[in-house]
Amino acid sequence: MLPFPTDHPQGPPVFRFAPSPNGPLHRGHALSAILNAELARRHGGRFLLRIEDIDAERSRKEHLAAIDDALRWLGLVWEQPVRQQSQHMDDYARALDELKRKDVLYPCFCTRGALAAKVAAAEARGVEWLRDPDGAPLYDGACRDLPSMEREARLAIGEAHQWRLNMRKALALIGPLVWRRFNPQTGATMDVVANPLRWADPVIARKGLPTSYHLSVVVDDALQGVTHVVRGSDLEAATDIHVVLQKLLALPQPLYWHHPLVMDGEGHKLAKSKGSQSLQDERAAGIAAHSLQAEAFLLLAQ
């Protein structure tokens, strides 16, 4: 049997698949969904579908319908109702307020363009700009130490801003952290030391929203009682941020397994943003659902 998180009430294990309806699913999504459903089946657990649609500009109804169609084609069954993040902004706003009360957030008025210009100017001078695990330039903290009067004045006039986590202040409050990786075959667990500083001060609430991916996912996992998070290895580093937020908000910490990614013919991970072949296209070309199930079971056996 799989291990159970020590800070969760005992009960059946809970797994979730949480796609964003901002583009067509690809084979990697299919395998991740199958893995979660299969682990839930093997261990008498629950399988949830969650729609991560906080990005209203990119989320599309046709992609939402395609997700439902693809998962049913794969033979998966999930609990109802399905949680859609866009319908639960109040939950994220309450969590955001709690972080503000702990004084670990600050408003950031910088734009992506301004940061990109700084990075370009520095690199033109031969200065290497540090980057986060995803390869994006680290934020330089320009708004972190703004005088409080200036900060309040800019907020008062409604200047566009996002909320960033002051990572050093947060870690001073909560101390070093670990998260637990589980082995889906043996049930063994191991502690992984978190390294949140490699993210500098991540965005916790985006402009015009009370949340970001990082805040929404930890709030949702807690509210839905998720005990085992199974997702691609490209999200493993982000777990550092998630355990910080879980500790700050006194939320339970699931166990994690980050499965290998599906790569394309050139050795790059499949991605919507890169126009990787969609699952719908593969279906049209004749791929069978059972072949994807077999591929997922091979990942479990590794």
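Couple of notes before you dig in:
- Any hit, the stretch 33-44, residues being closer than 16 Å to HIS258 by Cα and either assigned to a loop (DSSP other than H, G, I, E, B) or in contact with a Gly (Cβ under 6 Å, 6 or more places away or on another chain) (or both): no
- Of the residues GLY113, GLY28, GLY44, GLY23, the single one that is touching a residue at least 24 places away in the same chain (Cβ under 8 Å), surrounded by fewer than 16 Cβ atoms within 10 Å (Cβ to Cβ) and over 23 Å from GLN246 (Cα atoms) is GLY44.
- Residue that is surrounded by the fewest Cβ atoms within 10 Å (Cβ to Cβ), among those in the stretch 81-110 that are assigned to a strand (DSSP E or B) and within 20 Å of the chain's Cα centre (by Cα): GLN84
- Residue match in the stretch 131-152 (condition: under 15 Å from the mean Cα position of the chain (by Cα), under 30 Å from PRO13 (Cβ atoms) and among the charged types (D, E, K, R)): yes
- Evaluated against (1) crowded, with 17+ Cβ neighbours inside 10 Å; (2) closer than 26 Å to ASN36 by Cα; (3) more than 18 Å from the chain's Cα centre (by Cα), HIS242 falls short on exactly one condition, (3).
- Per the listing MET190, MET149, the residue uniquely closer than 30 Å to ALA301 by Cα and surrounded by fewer than 11 Cβ atoms within 10 Å (Cβ to Cβ) is MET190.
- Of the residues in the stretch 127-140, not one is of a type outside the set (Val, Ile, Thr) and in contact with a Ser or Thr (Cβ under 9 Å, 6 or more places away or on another chain).
- If you check SER233, SER291, SER278 for being among the hydroxyl-bearing types (Ser, Thr, Tyr) and modelled with pLDDT under 90, only one passes: SER278.
- So ALA70, is it assigned to a helix (DSSP H, G or I), in contact with a helix residue (DSSP H, G or I) (Cβ under 6 Å, 6 or more places away or on another chain) and surrounded by 13 or more Cβ atoms within 10 Å (Cβ to Cβ): yes
The values are calculated or read from the model by the stated rules, or taken from the named source; none is laboratory data. All of these numbers come straight from a predicted model, not from anything done at the bench. Cβ sites come from the backbone with ideal geometry, for glycine too, and all protein chains shown count toward neighbours.
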